[in-house]
Amino acid sequence: AQSVAQPEDQVNVAEGNPLTVKCTYSVSGNPYLFWYVQYPNRGLQFLLKYITGDNLVKGSYGFEAEFNKSQTSFHLKKPSALVSDSALYFCAVRVNSGYALNFGKGTSLLVTP
Amino acid sequence: DTAVSQTPKYLVTQMGNDKSIKCEQNLGHDTMYWYKQDSKKFLKIMFSYNNKELIINETVPNRFSPKSPDKAHLNLHINSLELGDSAVYFCASSQSLPLDTQYFGPGTRLTVL
């Protein structure tokens, strides 16, 4: 079964510092990977996706993610964190049939001033 | 210009009641989904419809019945509500081919008393 794991429940970072939110995947075949962000009491907003091509994927709000096949990882990164980046971040993988997504448990990002 | 909309946003009801949540998308997508987010923020696919046909039905009780009157709408009807049904329900849509991004609605917070 296609699955992703987010090993950290929470990530704390100071404003202006780089941030990384980790995600590893377990799939059969080619992985189709996504990152979403959820602000409090809001729906999920799409950040970026990896389907094929360049291992470095650039997305919304200055976020990027690096696909690493040898380490089966798809970590989310941002060079300089903002307080407004504080939210819940989900990594997801598309299932083999039916087009749905399997989500990780989520990582809460807290950026302090 | 709301892409994926859900009504109602909040739903508070008594055990045993029947309720419906409506979802509409104006993105022209051919696939729609229902996800459930529990109190621990875990997100899990419930149903997936492609061109009004059910293609994913995860282990969801028969009390949950999705209905897709057309490609732009996917409603969720829940019979005999139980305490454990309390959650946030998200509707989403995407285009099946090419592998398109899923866009999520704002969610419906269901509270069963």
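The values are calculated or read from the model by the stated rules, or taken from the named source; none is laboratory data. Treat the numbers as computed from the prediction; the structure is a model and nothing was measured. FYI the Cβ positions are ideal-geometry reconstructions off the backbone, even for glycines, and counts take in every protein chain you see. These accessible areas exclude ligands, DNA and RNA; they are computed on the full protein's heavy atoms, side chains included. Shrake-Rupley method; radii C 1.70, N 1.55, O 1.52, S 1.80 Å.
The residues of region B:55-89 listed by number as losing at least 20 Å² of accessible area in the complex, against the isolated chain and with a 1.4 Å probe, are B:55, B:56.
For region B:45-108 versus region A:36-113, the inter-centroid distance based on Cα atoms is 22 Å.
Only protein heavy atoms count here; on that basis, with a 1.4 Å probe, residue A:61 has an accessible area of about 130 Å². Seen from residue B:6, the other residues with C-beta closer than 11 Å to its C-beta sum to a net charge of +2, counting Lys and Arg as +1 and Asp and Glu as -1.
Both radii come from the Cα set of region A:3-112: Rg as radius of gyration, Rh as Kirkwood radius; their ratio Rg/Rh reads 0.95. Cross-link partners for residue A:22 among the lysines, with Cα-Cα distance under 26 Å and sequence neighbours closer than 8 places in the same chain left out: A:49, A:58, A:69, A:77, A:78, A:105, B:36, B:40, B:41, B:44. Based on the Stokes-Einstein relation at 25 °C and a viscosity of 0.890 mPa s, and on the Kirkwood radius from alpha carbon pairs, chain B is assigned a translational diffusion coefficient of 176 µm²/s.
Computed from point charges on the beta carbon alone (+1 for Lys and Arg, -1 for Asp and Glu), the dipole magnitude for chain B about its Cα centre is near 300 Debye.
Count the net charge of all other residues whose Cβ sits under 13 Å from the Cβ of residue A:29, scoring Lys and Arg as +1 and Asp and Glu as -1. Around residue A:29, the charge tally is +2. Using 14 Å as the cut-off for backbone N distance, which residues of region A:14-33 belong to the label zone defined by a point 7 Å from the Cα of residue A:68 along Cα→Cβ? Backbone N within reach: A:20-25. Taking both sides together, the accessible area buried where A meets B is about 1800 Å² for a 1.4 Å probe.
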